[in-house]
1. Quickly run through region 349-393 and pick out the residues that are outside any helix (DSSP H, G or I), of a type in the set (A, V, I, L, M, F, W, C) and either on the phi > 0 side of the Ramachandran plot or touching a strand residue (DSSP E or B) at 6+ places or on another chain (Cβ under 9 Å) (or both).
2. Which is outside any loop (DSSP other than H, G, I, E, B) and in contact (Cβ under 8 Å) with a residue 12 or more places away in the chain, of MET325, MET343?
3. Of all residues in region 363-420, which are open to solvent by 60 Å² or more (accessible area, probe 1.4 Å), charged (D, E, K, R) and closer than 30 Å to LEU290 by Cα?
4. State yes or no: is ALA441 open to solvent by 30 Å² or more (accessible area, probe 1.4 Å) and more than 28 Å from the chain's Cα centre (by Cα)?
5. Six or more apart or on different chains, Cβ atoms under 9 Å: show the pairs whose first residue is in region 94-105 and more than 16 Å from ASP134 (Cα to Cα) and at pLDDT below 85 and whose second is in a strand (DSSP E or B) and of a type in the set (D, E, K, R).
6. Look at PHE299 and say whether it is on the phi < 0 side of the Ramachandran plot, out of contact with any Asp or Glu (no Cβ under 6 Å at 6 or more places or on another chain) and either modelled with pLDDT of 85 or more or aliphatic (A, V, I, L, M) (or both).
7. Please determine whether any residue of region 443-455 is closer than 27 Å to LEU333 by Cβ, in contact with a Cys (Cβ under 8 Å, 6 or more places away or on another chain), at pLDDT 85 or above and not in a loop (DSSP other than H, G, I, E, B).
8. Taking into account only those residues within region 247-298 that are more than 16 Å from the chain's Cα centre (by Cα) and of a type in the set (Ser, Thr, Tyr), which is most open to solvent (accessible area, probe 1.4 Å)?
Amino acid sequence: MTRTAAASPAVYREHPIKILRYSAKNLWLLIFPLLRSLRFYPFSFQNLIDWGAGVWFDLLVALLILGIGTLRWHACIYYFDEVTIRSRSGILLQRVTEIPLERIASTVEEHPFYLRPLRAACLRISTAAGAMPDADMQLTLYLRDLHRLRQNIPVLQNGKSEEAAYHTPAWRTMLFSALFSSSFSGALYIATLFFQGGRITSDLLEQFQAQQFLEDATDRASTAFHGVPRIAVTIGIIILALWLISFGRNLLRYGRFKMRFGSEFISVHTGIITRRRYHLRDTAIIFPDLRQNLVMKIFGMVSLHIRCPGYGSRRDTLPVLIPLMRKKSSQPLLERLHAVPVMEHPKLHAKSHIKFFWSFVWPPVIGLCAIFPVRFFLLWLLPGVGAIIRFFSVMMIIPLVWLLCIRIVAMVSESVTMDDQHLQMHFCSWFTFHTITVNHARIVRTDIMQTPMQKQYGVCHLYITCNGPRQQRFKLTALPEKKVREILAMLEQGA
């Protein structure tokens, strides 16, 4: 990186690769006119003339976009000292961002494979006031300047060998990727690719003959599964392919997982192709979140997540601190996060009222009851596609039955426990069980919802909202109203 001032503090510019970031988003789509030039190989002077006559305007637009990006890159600088880090951007309208170092909640170092040969890395800095999903400051730096930053920013200096380190075995990372992957996540990932670069994605799919590959796979699978409609086989292959995409993406993102505890900071290293280093201030962690699905709950396994500004704040990432471990092993980790793992002497404990089981099971029950009349109606209306309708009926029944089992388990396990400083919630959100331990000071809002029937029996729903960059309500279903009033009174006394 070029140093542009000799005065103290020194002024720096970002890595020149940032010029591409400042250029238009669709600049990389102009690669295709260049790739089409390969059909003129072997090149000759006349071939170059013919090629230039077809793409000269595209090249002119590309040069103009790169020129504007270069001006924006040259106008962007940043500098830092022992107290603050500042950045300035903009050509005509300048924007200056100043962050006190003691207010930094987390930083993210990204080392993508394409930046490593250029000795560059991306740095995102977040504070407790950061917006979702963007960070307060984003820089693309030379590695040597990142090392200079480490000398001034304490949160970046948490890689000492004497700190306690935790490694996740490869088999647990694979199991975590399998448990938290879904066809829906894979579909979202593919949809994002098409949305951000539909032209290049379509060309790549055409180049790899994806349609022909799908047809061949369908033909082979149809011979193996006699009697199964061809469209059902095709849909099954697509669902499996989307799940594999999500599984591979999670495996690449959370592979080589390593966490290190310092005296004041936490460091998380993860990623295989794109390596990421998260540096977290432990006092900025809002609460830990132990997550389980039904299979993990049966085998006593948990995944430790946290709510912290800048960590796992993007929609496509999970705020994972430990991908997979036994529930017993989570107790010392929760103590390091200043959370109470088990409340030995709680002042209040409330469980959901089993009489109001309908509050738990109504979504899957209504779904299951609606499938059969809808199925019969569609079979009467569209008898020509009866095989497809039967297939989709079965495909809908499976997740609804699974959700019903989860909701039944949640009905007997959902509870809230409270002492003088912490509130611990055990609840279920769709297919995931959560155990959240939050300090009273982190709770910013409570809401009570009560139907006339619940009011008659002294039962209500309690909603807890915690502070942070993104507000999210947690629902505790069918709690005794008397206990809920005591919880609200204790929270008011603590405030």
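The values are calculated or read from the model by the stated rules, or taken from the named source; none is laboratory data. Note that the structure is a prediction, hence the values are computed from the model and not measured. All Cβ positions, glycine included, derive from the backbone under ideal geometry; neighbour counts span all protein chains shown. Note: accessible area is taken over every heavy atom of the protein model, side chains too, but ligands, DNA and RNA are not part of it. Shrake-Rupley method; radii C 1.70, N 1.55, O 1.52, S 1.80 Å.
1. Here is the first cut: in region 349-393, the residues outside any helix (DSSP H, G or I) are 349-353, 357, 382.
Next cut, of a type in the set (A, V, I, L, M, F, W, C) only: 350, 357, 382.
Of everything in region 349-393, those that are outside any helix (DSSP H, G or I), of a type in the set (A, V, I, L, M, F, W, C) and either on the phi > 0 side of the Ramachandran plot or touching a strand residue (DSSP E or B) at 6+ places or on another chain (Cβ under 9 Å) (or both) turn out to be ALA350, PHE357.
2. On the way: MET343 fails: outside any loop (DSSP other than H, G, I, E, B).
Among MET325, MET343, only MET325 is outside any loop (DSSP other than H, G, I, E, B) and in contact (Cβ under 8 Å) with a residue 12 or more places away in the chain.
3. ASP420
4. Values: open to solvent by 30 Å² or more (accessible area, probe 1.4 Å): yes; more than 28 Å from the chain's Cα centre (by Cα): no.
So ALA441 does not fit the description; no.
5. From region 94-105, the pairs are GLN94/ARG88.
6. Numbers: on the phi < 0 side of the Ramachandran plot: yes; out of contact with any Asp or Glu (no Cβ under 6 Å at 6 or more places or on another chain): yes; either modelled with pLDDT of 85 or more or aliphatic (A, V, I, L, M) (or both): yes.
Yes: the conditions hold for PHE299.
7. If we filter region 443-455 for residues that are closer than 27 Å to LEU333 by Cβ, which is where we start, we get 443-444.
Keeping just the survivors that are in contact with a Cys (Cβ under 8 Å, 6 or more places away or on another chain) gives 443-444.
Among the residues that remain, those that are also at pLDDT 85 or above are: 443-444.
With the extra rule that they be not in a loop (DSSP other than H, G, I, E, B), the set shrinks to 443-444.
Yes: region 443-455 contains one or more residues that are closer than 27 Å to LEU333 by Cβ, in contact with a Cys (Cβ under 8 Å, 6 or more places away or on another chain), at pLDDT 85 or above and not in a loop (DSSP other than H, G, I, E, B).
8. The selected residue is SER263.
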